[in-house]
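Here is the structure we will look at.
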Amino acid sequence: MNCYTNWVTHVVFPVHEWLKKHTTVAVRKDMEKTQWLAASDLKKRQLENLKSFLKEVEQRVPYYRNLFKTLNFDPNNLNSLEDLSHLPLTDKSIIRQHSDELKAFDAIGLSRFNTGGSSGEPLVFYIGKNRVSHDVAAKWRATRWWGVDIGDPEIVVWGSPIELGKQDRIKLIRDKLLRTHLLPAFEMSEAKLDEFVQHIQALKPKMLFGYPSALAHIARHAQKHNKKLNDLGIKVAFVTSERLYDHQREMIETTFGCPVANGYGGRDAGFIAHQCPAGGMHITAEDIIVEIIDKQGQVLPVGEEGEIVITHLATADFPFIRYRTGDIAKLSNDLCVCGRGLPLLKDIQGRTTDFVVAKDGTVLHGLALIYVLRDLPGIGGFKIIQTSLDETRIQIARDQGYDPACEEAIQQTFKKRLGSDVAIHIDYVDHIEKEKSGKFRYVVSHVELKE
């Protein structure tokens, strides 16, 4: 660690978090101790934290206070983590229906977030300072596993309007101090890709962070144009938000000359698991309890594949309890050779996002279109299908509050991004169908990307 990174890690970032009233530094330091606990000791700690969390939720959150009373559920009677299954599952529809009741009555400083989710069902939810502290601490700990730290030069290839839309003066100063450089992943034209490659070559970052599809696309472009990126000293490429495919990992590792560290989670569910250098996908067990359920909602034994359900123990301000992610994986009793006692998640089949291609050949990340729809009121679900360069169809499942006048705004924005003469068809459906695999995909493009 050089002097500048050391200063940022131990002075700048701690002061930044203190000013925001976050406990990130203390939480991360504790996590770096607890990660080495034996699996049995971690389970004991989880049970203690679960009891405390549910007691707090019962006292502060109207929805769960009423639910516990109806079920005659007493957190004090929990004898094992398996007893959590006495509570019902939670999904996006329940959160949408009971959003106000799910807020702790004394919560202060809640931040509003939304997500399209892997099903394309928009979800509005709220995050408190405690959860932010724990989520950032979990990501920070995982970053340090790879020999890099906050303050090391980083390039982030991202597309969320939360990041891209809030580039105010304070954030720009913060990013400059932290040496974080944001590249917008929405547009992937030849000119933009050239700029991205030049930026990476000039900065010589120690780490990359972004969507696997976007990083792989940049890597493919660099290879196509014989641009060398494997001699820049990049130590690791962190990927998240989408399923990481083997061909993407190989492309990124070969082009950038560094290992790929996979991360699994989301804005709604939190940072669930991170890959260590030994290859294990470690669950953030201090904060998150993972269950695997079958199609009937019954908890499956360790080693069996099913849907991932999480309980986030740092969400008392707006609880996520037995929350269905819609993603598929299985738990493992294996111990990682790295020596950490954190449990492992295997065979994750996470959310998938395609690229779309504009009429002029510009490649756009699918999120460029998703964000157009997910913030509109009254949309219960959606799916975007690019059938050709000349046509894109949008399936919309309407909820109460949908305004047909939104059609014009959707048409205008899609045409602006895909091309003024592209036909945009809106089809209203009762519900969004799953793929044959049983998974949802909210963007499907049938236009082949040119290598």
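The values are calculated or read from the model by the stated rules, or taken from the named source; none is laboratory data. Quick caveat: nothing in here was measured; it's all calculated off a predicted structure. Here the Cβ is made from the backbone with ideal geometry for all residues, glycine too, and neighbour counts use every protein chain on show. For the accessible areas, the whole protein counts, side chains as well, though only heavy atoms, and no ligand, DNA or RNA atoms are used. Shrake-Rupley method; radii C 1.70, N 1.55, O 1.52, S 1.80 Å.
The table below gives the values:
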{"quantity": "All positions within segment 214-271 that are among the charged types (D, E, K, R), in a helix (DSSP H, G or I) and in contact (Cβ under 8 Å) with a residue 12 or more places away in the chain", "calculated": "220, 224, 249, 253"}
{"quantity": "Filtered residue count, segment 381-405, keeping only those that are open to solvent by less than 60 Å² (accessible area, probe 1.4 Å) and closer than 24 Å to residue 188 by Cα", "calculated": "10"}
{"quantity": "Test: residue in segment 88-106 that is surrounded by 14 or more Cβ atoms within 10 Å (Cβ to Cβ) and among the aromatic types (Phe, Trp, Tyr)", "calculated": "no"}
{"quantity": "Enumeration of residues in segment 264-307 that are in contact with a Lys or Arg (Cβ under 7 Å, 6 or more places away or on another chain) and open to solvent by 50 Å² or more (accessible area, probe 1.4 Å)", "calculated": "271, 304, 305"}
{"quantity": "Pick from segment 52-83, criterion part of a helix (DSSP H, G or I) and farther than 20 Å from residue 105 by Cα, ranking: most open to solvent (accessible area, probe 1.4 Å)", "calculated": "82"}
{"quantity": "Whichever residue in segment 301-325 is part of a strand (DSSP E or B) and more than 16 Å from residue 93 (Cβ to Cβ) and, among such residues, is modelled with the lowest pLDDT", "calculated": "306"}
{"quantity": "Contacts under 9 angstrom Cβ, first residue in segment 84-113 being in a helix (DSSP H, G or I), partner among the small types (Gly, Ala, Ser) and open to solvent by less than 60 Å² (accessible area, probe 1.4 Å), 6 or more apart", "calculated": "92/117; 92/119; 92/326; 93/380; 96/380"}
{"quantity": "Test: residue 254 is under 27 Å from residue 180 (Cβ atoms), open to solvent by less than 20 Å² (accessible area, probe 1.4 Å) and polar (S, T, N, Q)", "calculated": "no"}
{"quantity": "Neighbours by Cβ (under 8 Å, 6+ apart or cross-chain): first from segment 359-386, closer than 15 Å to residue 402 by Cα and small (Gly, Ala, Ser); second in a helix (DSSP H, G or I) and open to solvent by 10 Å² or more (accessible area, probe 1.4 Å)", "calculated": "378/406"}
{"quantity": "Unmet criterion (only one of (1) open to solvent by 60 Å² or more (accessible area, probe 1.4 Å); (2) part of a strand (DSSP E or B); (3) not basic (Lys, Arg)) for residue 208", "calculated": "(1)"}
{"quantity": "Residue within segment 102-120 that is at pLDDT 90 or above and within 30 Å of residue 338 (Cβ to Cβ) present", "calculated": "no"}
{"quantity": "Members of segment 7-42 found to be outside any loop (DSSP other than H, G, I, E, B), touching a residue at least 60 places away in the same chain (Cβ under 8 Å) and open to solvent by 70 Å² or more (accessible area, probe 1.4 Å), listed by number", "calculated": "7"}
{"quantity": "Residue in segment 221-244 that is of a type in the set (A, V, I, L, M, F, W, C) and open to solvent by 40 Å² or more (accessible area, probe 1.4 Å) present", "calculated": "no"}
{"quantity": "Top-ranked residue of segment 422-435 - restricted to ones that are over 24 Å from the mean Cα position of the chain (by Cα) and in a loop (DSSP other than H, G, I, E, B), ranked as modelled with the highest pLDDT", "calculated": "422"}
{"quantity": "Selection status of residue 340, of a type in the set (D, E, K, R), outside any loop (DSSP other than H, G, I, E, B) and out of contact with any Lys or Arg (no Cβ under 8 Å at 6 or more places or on another chain)", "calculated": "no"}
{"quantity": "Condition met for residue 103 (over 20 Å from residue 324 (Cα atoms) and among the charged types (D, E, K, R))", "calculated": "no"}
{"quantity": "Some residue of segment 331-342 being closer than 30 Å to residue 58 by Cβ, open to solvent by 20 Å² or more (accessible area, probe 1.4 Å) and touching a residue at least 12 places away in the same chain (Cβ under 8 Å)", "calculated": "yes"}
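This table checks each residue for (1) modelled with pLDDT of 90 or more; (2) open to solvent by less than 30 Å² (accessible area, probe 1.4 Å); (3) touching an Asp or Glu at 6+ places or on another chain (Cβ under 6 Å).
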site	(1), (2), (3)
327	no, yes, no
348	no, no, no
374	no, yes, no
407	yes, no, no
